[in-house]
Amino acid sequence: MQELLQLLNQISDELNKDLDLDKMLQRVIDLTVEHFKATNGSIMLFDDRNRVSKYILQRKDISQNQAHKIVGQVMSKGFAGWVFNHRRGDIITDTMTDARWLTYPDQPYTVRSVLATPLMRRDHILGILTINHNTQPNHFKRQDLSLLNAIAGQAAIALENAQLFKQKEKERATLSAIINSSKDVIIVTYDQENKVLLLNPAAENLLHTPAASQWQDQPLDRITSRPDIIDLAASAPVTNTNVELSDGRTMLAGTVDVPEVGRLILMHDISALKALDKMKGEFITTFTHDLAAPLAAIKGHIQLMQIDGTLTPRQMEDLDCIRMSVEQMSNLIKDLLELTKLESLKDFFKCDVQLKDTVKKTCQTFQPVATAKSIDLTLLETDFEQITTQGNPTLIARAVDNLVENAIKYTRPQGKITMSLTRDNKEAHISVKDTGVGITQANLPRVFNKFFRVNPPGDNEIPGSGLGLSIVKAIVDRHSGRVEVDSEVNVGSTFTISLPLNNGKHA
Ligand code: ADP
């Protein structure tokens, strides 16, 4: 008994010594063969689809090719197949008389008695452990099977651990390869001091700390003096923020807090996009500027020709058409210029804006246009005294004007437009509600896109550049506000601009 315990302990030690699967199993076979005074032993392993994935033999004088052949046959007709199918171990006392033992041509060694048992974990057979004696029948006894089962039990646990370890190692290596080959900067920090847990090579490059020994577990502010990067680790998580680097690059940065890990900081180089955007802006500005002068000349000449009066009524009509087209082109150019300017605007004049004045002024301005189209334009007189926001009065008025102009354009005669100004705890809301043609659900998310425009079916061509709502959105964005739309076809639309209240209270 003492001896058996010793063997089990020895095997257990061997199993825990090394996570190299082959070496570990080889040692198990050696010790088992030695203890049972057998002449040979083997372990066969299965993959998760029960196919033989490995065959380890104690004796090394069998080629891989031969081993493959043996495995195929013993699994289909031989003793290993029997053990696998019956899910338990057994003894072959004499191979001469037991039909489960398969002898085949060119068998490289002789066998008389065999002991085999499955390596099982949670009802799953991971492999089969076999030992044999080449000359003696009855070499193995019943109690030997119990001991082999105990050895197999230990080996199965170790085998599963080694396989799990290998799998985890593989996952870790894959993840690490992905992180290390990423051109995006990845920084992971942890604890109150924002110590560095991980920098990928792109991050090491950015922070000029090429060796892990220089950054591992160091507080971030000790390895970089860049306040914007330190801030990313220290302040509340952000989705998208631009970080301008001293080397001229612009990075789009975002942060997330990963539970039980720390703060993940991701930065993506958007310098090329920025440069392209700048080029686009410059192109539009130059292009629109250069187009404005010839268009003005065409307009002037049309007027002169019409004043001249020597034209036939048909020619007058044609000139009118040309004048309207030129007018449309001028408006498009004006809008494009305005939008480009707005998008590149960094800083602009701001003051307290009394929104009551803004909505009243817009309502008055557009009253004649609405009346001319037999549309009833009203401003709901609610208690909107002193609703103020910090902003540029001209830009905010331009945004509200655009909404009312659209409401008139897309509402048929006899329709109604209602403007309102309300507030809640944080924001002021300016709404423009019409009983017009409405917008389909499919088009709703696209109405704020540049150049998106739809002409209502059945209506005459409504002039427009498709930039009006983009301008509204650009203005509202620059005021940290938002613009939303709710609409139903043939019922009407409501556009609402929400702007932060001045200090969150009445001014
Ligand atoms: P434009 O009016 O010059 O076409 P906008 O950017 O102002 O460009 O509007 C984009 C599109 O959104 C319009 O073509 C129209 O289809 C739709 N739209 C805007 N306002 C309204 C409205 N009040 N009612 C119905 N459709 C609207």
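The values are calculated or read from the model by the stated rules, or taken from the named source; none is laboratory data. These figures come from a predicted structure and were not determined experimentally. FYI the Cβ positions are ideal-geometry reconstructions off the backbone, even for glycines, and counts take in every protein chain you see. Accessible surface is based on the protein model in full, side chains and every heavy atom, while ligands, DNA and RNA are left aside. Shrake-Rupley method; radii C 1.70, N 1.55, O 1.52, S 1.80 Å.
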Tally the residues that are in contact with a helix residue (DSSP H, G or I) (Cβ under 9 Å, 6 or more places away or on another chain) and open to solvent by 70 Å² or more (accessible area, probe 1.4 Å), restricting the search to the range 177-193.
4
List pairs: first residue in the range 325-339 and over 13 Å from residue 471 (Cβ atoms), second residue open to solvent by 30 Å² or more (accessible area, probe 1.4 Å) and more than 10 Å from the ligand (Cβ to nearest atom) anywhere in the structure, Cβ distance under 7 angstrom, at least six positions apart or on different chains.
326/298; 326/299; 333/291; 333/292
Considering every residue within the range 45-58, establish whether at least one is farther than 11 Å from residue 131 by Cα, modelled with pLDDT under 90 and of a type in the set (S, T, N, Q).
yes
Here the qualifying pairs (Cβ atoms under 6 Å; residues six or more apart or on different chains; first in the range 391-410 and more than 15 Å from residue 485 (Cβ to Cβ) and of a type in the set (Gly, Ala, Ser); second away from the ligand (no atom under 11 Å from the Cβ) and open to solvent by 30 Å² or more (accessible area, probe 1.4 Å)) come out as 391/350
Selected residue [exposed (fewer than 15 other Cβ atoms within 10 Å of the Cβ) and under 22 Å from residue 57 (Cα atoms)] from 130, 174, 135:
135
How do the pairs read when you match residues in the range 15-40 that are among the polar types (S, T, N, Q) with residues anywhere that are open to solvent by less than 20 Å² (accessible area, probe 1.4 Å) and in a loop (DSSP other than H, G, I, E, B), using Cβ under 8 Å and keeping only pairs 6 or more apart or on different chains?
32/38; 40/111
Being charged (D, E, K, R), loosely packed, with under 11 Cβ neighbours inside 10 Å and in a loop (DSSP other than H, G, I, E, B) narrows it down to one of 257, 247, so name that one.
247
Residues being touching a residue at least 24 places away in the same chain (Cβ under 8 Å) and more than 22 Å from residue 436 (Cβ to Cβ) - total across the range 476-487
3
Only one of these conditions is not met by residue 427: (1) away from the ligand (no atom under 13 Å from the Cβ); (2) among the acidic types (Asp, Glu); (3) modelled with pLDDT of 95 or more. Which number is it?
(3)
When restricted to 247, 228, 277, the only residue charged (D, E, K, R) and touching a strand residue (DSSP E or B) at 6+ places or on another chain (Cβ under 8 Å) is 228
Unmet criterion (only one of (1) surrounded by 12 or more Cβ atoms within 10 Å (Cβ to Cβ); (2) out of contact with any Gly (no Cβ under 6 Å at 6 or more places or on another chain); (3) modelled with pLDDT under 85) for residue 35
(3)
With respect to the numbered conditions (1) polar (S, T, N, Q); (2) at pLDDT below 95; (3) within 13 Å of the ligand (Cβ to nearest atom); (4) buried (at least 17 other Cβ atoms within 10 Å of the Cβ), which one is the sole condition not fulfilled by residue 411?
(2)
Open to solvent by 30 Å² or more (accessible area, probe 1.4 Å) and not in a loop (DSSP other than H, G, I, E, B): is that true of residue 120 in this structure?
yes
Which condition number does residue 103 fail, the rest of (1) in a loop (DSSP other than H, G, I, E, B); (2) open to solvent by less than 60 Å² (accessible area, probe 1.4 Å) being met?
(2)
I'm checking my understanding of the structure. Among residues of the range 457-482 that are farther than 18 Å from residue 338 by Cα and at pLDDT 90 or above, which one is farthest from the ligand (Cβ to nearest atom)?
480
The one condition in (1) exposed (fewer than 14 other Cβ atoms within 10 Å of the Cβ); (2) at negative phi; (3) in contact with a Ser or Thr (Cβ under 9 Å, 6 or more places away or on another chain); (4) of a type outside the set (Phe, Trp, Tyr) that residue 208 fails to fulfil
(2)
Which fully enclosed strands (runs of 3 or more DSSP E) of the range 289-402 have 1 or more residues being within 16 Å of the ligand (Cβ to nearest atom)?
376-379
Being within 28 Å of residue 467 (Cβ to Cβ) and free of Cβ contacts under 8 Å to residues at least 40 places away in the same chain is the filter here; which residues of the range 372-390 pass it?
372
